[in-house]
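The values are calculated or read from the model by the stated rules, or taken from the named source; none is laboratory data. Note that this is a predicted model, so its numbers are computed, not measured. Cβ placement follows ideal geometry from the backbone for every residue including glycine, while neighbour counts extend to all protein chains displayed. Ligands, DNA and RNA are excluded from the accessible area calculation, which covers all protein heavy atoms including side chains. Shrake-Rupley method; radii C 1.70, N 1.55, O 1.52, S 1.80 Å.
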Amino acid sequence: DAKTTQPPSMDCAEGRAANLPCNHSTISGNEYVYWYRQIHSQGPQYIIHGLKNNETNEMASLIITEDRKSSTLILPHATLRDTAVYYCIVRDPTGGSYIPTFGRGTSLIVHP
Amino acid sequence: GAGVSQSPSNKVTEKGKDVELRCDPISGHTALYWYRQRLGQGLEFLIYFQGNSAPDKSGLPSDRFSAERTGESVSTLTIQRTQQEDSAVYLCASSLYFGRLGGGNTEAFFGQGTRLTVV
């Protein structure tokens, strides 16, 4: 079972920031937070991951709370092509949860 | 190639027939995963390979499902005596083995999937 909880759907206006929340209250000390997205009819695409510190790359920013029980994926300037299902997963690559386990994700719709 | 390649991209088969799906992982990726995704549903883990270790088959739904992988190369997922409920997109992913790098530099890269339709 997925160890994360995400809202089933969200929408965002094009050009605005999209903030996608994820709760992972049972995360263990060695587990990382990973985000993937799946655009319609494609395989999931890796976006970003982090352990404790906030992370930023060319696609998005990841904000992890100090207690690590929740995180937010930020798409700073959403475009129509960002419409997809976004999956938040927790995973310990060196331990028992090394297999990425996906929940239902958040369906993000970016509208003009 | 640069990414994970799966073939065929689409497969229509008759109920009761066997099918074989192929996955070519990214070169150098020792970890390989198979998932199933039914229409409108999330990803369901099927099986995991890591190098020459025994595969983790805990997600296979029945004994009609099997998979093979030789070393760090191609993997095939076989479904025997297909049923209509087997209709789904079958996704393959590969990643670097966590033991080589440790930490979190082990993101999985997915192929485009094989859409299986059992009629």
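Ignoring ligands, DNA and RNA, please state the percent of accessible area on chain A from carbon and sulfur, probe 1.4 Å.
Details: 2710 of 5570 Å².
Answer for chain A: carbon and sulfur cover 49 percent of the accessible area.
Would you mind counting up the charge near A:Tyr34? Only other residues with Cβ under 9 Å from its Cβ, with Lys and Arg at +1 and Asp and Glu at -1.
Values: positive: A:Arg91; negative: B:Glu107.
Value of the local net charge: 0.
Test of understanding: in a Gaussian network model of chain A with alpha carbons linked when under 10 Å, which of A:His49, A:His24, A:His40 would top the mean-square fluctuation ranking?
Most flexible of the set in this elastic network: A:His40.
Using Cα springs under 10 Å in a Gaussian network model of chain B, which residue among B:Gly16, B:Gly40, B:Gly51 shows the largest mean-square fluctuation?
Top of the fluctuation ranking is B:Gly40.
Using a 10 Å cut-off on Cβ to Cβ distances, tally the other chain neighbours for every residue of B:26-34 and report the average as a whole number.
Working: counts 0, 0, 0, 0, 0, 3, 0, 3, 0.
Mean shielding by partner chains, rounded to a whole number: 1.
In a GNM of chain A with a 10 Å cut-off on Cα contacts, which of A:Leu51, A:Leu80, A:Leu20 has the highest mean-square fluctuation?
Highest fluctuation among the options: A:Leu80.
From the protein chains alone at 1.4 Å, what is the descending order of accessible area for A:Ile74, B:Ile47, largest first?
Details: A:Ile74 45, B:Ile47 0 Å².
Of A:Ile74, B:Ile47, the descending order of accessible area is A:Ile74, B:Ile47.
Using each residue's phi in region A:67-83, evaluate 6.51 cos²θ - 1.76 cosθ + 1.60 at θ = phi - 60° and report the 3J(HN,Hα) Karplus result to the nearest Hz, with x for Gly and Pro.
7, 6, 8, 7, 8, 9, 8, 10, 9, x, 9, 5, 10, 4, 6, 7, 4
For B:Ala67, what residues show an amide H to amide H distance below 5 Å, using hydrogens built from the backbone and excluding near sequence neighbours?
Distant-sequence amide H within range of B:Ala67: B:Thr78.
In terms of the Cα gyration tensor, with a ≥ b ≥ c the square roots of its eigenvalues, is chain B rounded because a/c is under 1.5, prolate because a/b exceeds b/c, or oblate? It would help to have the intermediate numbers written out before the result.
On the way: a/c = 1.95, a/b = 1.79, b/c = 1.09.
Prolate shape, in that a/c is at least 1.5 and a/b is the bigger ratio.
For region B:7-65, with every protein chain kept in place, what is the accessible area per residue (1.4 Å probe, Å²)?
Details: 3000 Å² over 59 residues.
Per-residue value: 51 Å².
Rank B:Glu14, B:Glu107 by accessible area, highest first, at a 1.4 Å probe radius?
Working: B:Glu14 110, B:Glu107 40 Å².
From most accessible down to least: B:Glu14, B:Glu107.
With every protein chain left in place and a probe of 1.4 Å, what is the accessible surface of A:Cys88, to the nearest 10 Å²?
Number for this one is 0 Å².
Straight-line reach from A:Lys3: which lysines have a Cα under 27 Å away, not including same-chain ones fewer than 8 places off?
Qualifying lysines at Cα under 27 Å: A:Lys52, A:Lys69, B:Lys57.
With every protein chain left in place and a probe of 1.4 Å, what is the accessible surface of A:Tyr46, to the nearest 10 Å²?
50
Using the Karplus curve 6.51 cos²θ - 1.76 cosθ + 1.60 with θ = phi - 60°, work out ³J(HN,Hα) for each residue of region B:35-41 in order, rounded to whole Hz, and write x for Gly and Pro.
My calculation for region B:35-41 gives 10, 10, 9, 6, 3, x, 10 Hz in order.
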